[in-house]
Structures are given as C-alpha cells and as structure tokens.
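Structure, as structure tokens:
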Amino acid sequence: MRKSLLAASLVTAAIAAAGVGGIAFATASSGATATTEHFTILSTKPSGNGWVASRGPINGVARDTVLSQHTDRFTYAAGNLIVRHRRVGKPTQHFNKRSCLGTYHEAGVYTIVRGTGAYKGATGSGHYEVDAKVIGCSASKPPLVTEQDIEASGPLTR
C-alpha cells in the first residue's frame, strides 16, 4: 500500500510540476477572426518545461515555461502567450508497483490571458487533455523517466 501511494504521489508530483511551458519559431496571421488553434506540448522533464507545437493562427514552435501551478508562458521568436489553465473533474492515475510504471490523465480548460510582441491582444480559450507516464519506485528520488503529452485546442483571435 505504501509503495502504491508513493507511486501515485510520484505520478501526481511529476504532472503537477509539469504544468502547461517556451524559445520558439512562429509565423502569425493577422486579423480579428477567431480561428481554431491547436497546441501540442511535449516534455520529458519532471519540471514540466517543454516544447509547444502550435498550429492555427500561430504556426510554430515555442518553449513552455511553467510560471505557477496554473499559469505558463509560451515563448515564440515573435512574442509570448501567457496561458492560464485549470483542471476540470477528477484526474485518473494508476501505478503498477512491480513495473514501477505510473500513468496519469486529466482534462481541463485554458485561457490565453495576454500576448506580447506579434501576439499582443491575442485572446482565446479552449480545452486540454494531459497524458503522462513515469517510471520510478523511489520516494526520495525523481522518476527515472517522465513523458508528458498535452493536447489543447480552441478559438484564438489576434
């Protein structure tokens, strides 16, 4: 039981630290029409700071930097997006104590609260889903491997 709780807390800690986080290359279309933006955020670090692939009104790669438990900065070459997010519902997590593999899934909503540079005035919101896996059995050490995939999409107006 202790090992199972330990593993569950490892999974939760790895994901909570991950958040949604960016240096980047991007092109931006201009105009005030809301168009769907798709974000794919990948990370292999327990800190959660990863990379964002953006497809839609903003096309490019950004560095994701976790600013707080509910706020991230996506840093593109042409500017930043500040994104606030929150979980909706109860996350699911599982841990196999023999293989030391933990999985985690959560769903939530996000809002683009501010843009800078080429993205000044950007607004939008949408839904996200997090899927993560960790391998590690020690409560006193970080996981051996962490993998996190966040998919998010919703309208974005610039």
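The values are calculated or read from the model by the stated rules, or taken from the named source; none is laboratory data. Quick caveat, the model's predicted, so the values are computed rather than measured. As a convention, Cβ positions derive from the backbone with ideal geometry for all residues, glycine included, and neighbour counts pool all protein chains shown.
General remarks:
- Number of residues in segment 135-156 that are surrounded by fewer than 18 Cβ atoms within 10 Å (Cβ to Cβ) and touching a strand residue (DSSP E or B) at 6+ places or on another chain (Cβ under 7 Å): the value is 7.
Quick grid of which residues meet (1) among the hydrophobic types (A, V, I, L, M, F, W, C); (2) part of a loop (DSSP other than H, G, I, E, B); (3) out of contact with any His (no Cβ under 8 Å at 6 or more places or on another chain); (4) under 30 Å from residue 33 (Cα atoms):
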residue	(1), (2), (3), (4)
121	no, yes, yes, yes
125	no, no, yes, yes
130	yes, no, no, yes
137	yes, yes, yes, no
140	no, yes, yes, no
143	no, yes, yes, no
148	no, no, yes, no
153	no, no, no, yes
156	yes, no, yes, yes
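- Residues (of a type in the set (Ser, Thr, Tyr) and within 27 Å of residue 136 (Cα to Cα)) located in segment 83-117: 92, 99, 103, 104
- Complete set of residues in segment 32-55 that are modelled with pLDDT under 95, of a type in the set (Gly, Ala, Ser) and closer than 19 Å to residue 154 by Cα: 32, 34
- Screening residue 72 on (1) on the phi > 0 side of the Ramachandran plot; (2) crowded, with 16+ Cβ neighbours inside 10 Å shows it passes everything except condition (1).
- Considering segment 75-102, and only residues there that are surrounded by 15 or more Cβ atoms within 10 Å (Cβ to Cβ) and among the polar types (S, T, N, Q), the residue that is nearest to residue 148 (Cα to Cα) turns out to be 93.
The rows are residues; the columns are (1) more than 15 Å from residue 119 (Cα to Cα); (2) over 15 Å from the mean Cα position of the chain (by Cα).
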position: 38; (1), (2): yes, no
position: 58; (1), (2): no, yes
position: 74; (1), (2): no, no
position: 79; (1), (2): no, yes
position: 89; (1), (2): yes, yes
position: 95; (1), (2): yes, yes
position: 100; (1), (2): yes, yes
